[in-house]
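Notes to accompany the following structure.
The values are calculated or read from the model by the stated rules, or taken from the named source; none is laboratory data. For clarity, every value in this text was computed on a predicted model and none was experimentally measured. Don't worry about glycine lacking a Cβ; one is built from the backbone with ideal geometry, like all the others, and counts go over all protein chains shown.
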Amino acid sequence: MNEILSYAVVYLLQFVTFLLIARFLLQACRVDFYNPISQGIIKATDLLLKPMRLVLPGYRNLDIASLFAAVLTQVILVFTLTTIAGQYPGTVLQVTVNALITVLLFIVKAFWWGILIMIIASFVAPGSRHPALSLLQQITEPLLAPARRLLPPMGGLDFSPIMVFLLIGVVERVLPQLYL
């Protein structure tokens, strides 16, 4: 029974974390506010984030409240899972640092998946104006544009995602080592 409860808690809180990180990325990457998917994410997270914004205002184009809420959700996840298992979660500082690193890895993984989906879509449906692809293009462009300046297209092929995947792989290996 504990295993089923743990699964449900992980699924629910990871989904909430995903929505909060998506909200953070929408503002950080300056994505089109009127995209229907953007509107759905905003409506789904507004109930939680509006009160938090009174205490944690944004900084430039960074939504600090959504990032804080994502970290808080991961902290709640750790404490809930350790309570269900009857284990000691660690100190609050340890759990918070672990949650922050988890959220940062989640953001990195979101970029990785977004770029991969864009690569596949460029072969399957080139020039598609689907709202999801438009949203992914706007989210991944801040990472791909600098890489494109370093690696211009060669023979009509864009090798900038390879450079970004290499950078993402390095970050994915360095971030977990920051937590001792």
Practice task
From ALA69, ALA44, grab the single residue that is under 15 Å from the mean Cα position of the chain (by Cα) and assigned to a helix (DSSP H, G or I).
Solution key: ALA69
Problem - Any hit, the stretch 29-43, residues being of a type in the set (Phe, Trp, Tyr) and either buried (at least 17 other Cβ atoms within 10 Å of the Cβ) or under 19 Å from PHE106 (Cα atoms) (or both) - result: no
Exercise for the section: Within the stretch 55-66, work out how many residues are under 10 Å from ARG23 (Cα atoms) and part of a loop (DSSP other than H, G, I, E, B). Expected result: 1
Exercise for the section: Could you look through the stretch 127-172, keep only residues that are loosely packed, with under 13 Cβ neighbours inside 10 Å and charged (D, E, K, R), and pick out the one that is farthest from LEU105 (Cα to Cα)? Expected result: ARG129
Practice task
Just give me the residues in the stretch 80-108 being part of a helix (DSSP H, G or I), under 24 Å from GLU172 (Cα atoms) and either in contact with a Pro (Cβ under 6 Å, 6 or more places away or on another chain) or of a type outside the set (A, V, I, L, M, F, W, C) (or both), in sequence order.
Solution key: GLN94, VAL95, THR96, ASN98, THR102
Practice task
Check the stretch 25-33 and report whether any residue there is farther than 24 Å from TRP113 by Cβ and assigned to a helix (DSSP H, G or I).
Solution key: no
Practice task
State whether the residues of the stretch 113-121 include one that is part of a helix (DSSP H, G or I), over 19 Å from the mean Cα position of the chain (by Cα) and closer than 26 Å to LEU167 by Cβ.
Solution key: yes
Fill in the blank from the handout: All-but-one check, LEU175 against (1) of a type outside the set (Gly, Ala, Ser); (2) more than 18 Å from the chain's Cα centre (by Cα); (3) modelled with pLDDT under 90; (4) surrounded by 15 or more Cβ atoms within 10 Å (Cβ to Cβ), failing number (2)
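Here is a check on your reading of the model: is ILE139 in contact with a helix residue (DSSP H, G or I) (Cβ under 8 Å, 6 or more places away or on another chain), under 21 Å from ILE37 (Cα atoms), among the β-branched types (Val, Ile, Thr) and touching a residue at least 40 places away in the same chain (Cβ under 8 Å)?
So ILE139 passes the test.
Answer yes or no: is there a residue in the stretch 61-71 that is loosely packed, with under 11 Cβ neighbours inside 10 Å and touching a residue at least 24 places away in the same chain (Cβ under 8 Å).
Yes, that holds for at least one residue.
Can you say whether PHE18 is out of contact with any Ser or Thr (no Cβ under 7 Å at 6 or more places or on another chain), among the hydrophobic types (A, V, I, L, M, F, W, C) and more than 21 Å from PHE106 (Cα to Cα), as far as the supplied structure shows?
On the way: out of contact with any Ser or Thr (no Cβ under 7 Å at 6 or more places or on another chain): yes; among the hydrophobic types (A, V, I, L, M, F, W, C): yes; more than 21 Å from PHE106 (Cα to Cα): no.
Against the criterion (out of contact with any Ser or Thr (no Cβ under 7 Å at 6 or more places or on another chain), among the hydrophobic types (A, V, I, L, M, F, W, C) and more than 21 Å from PHE106 (Cα to Cα)), PHE18 does not qualify.
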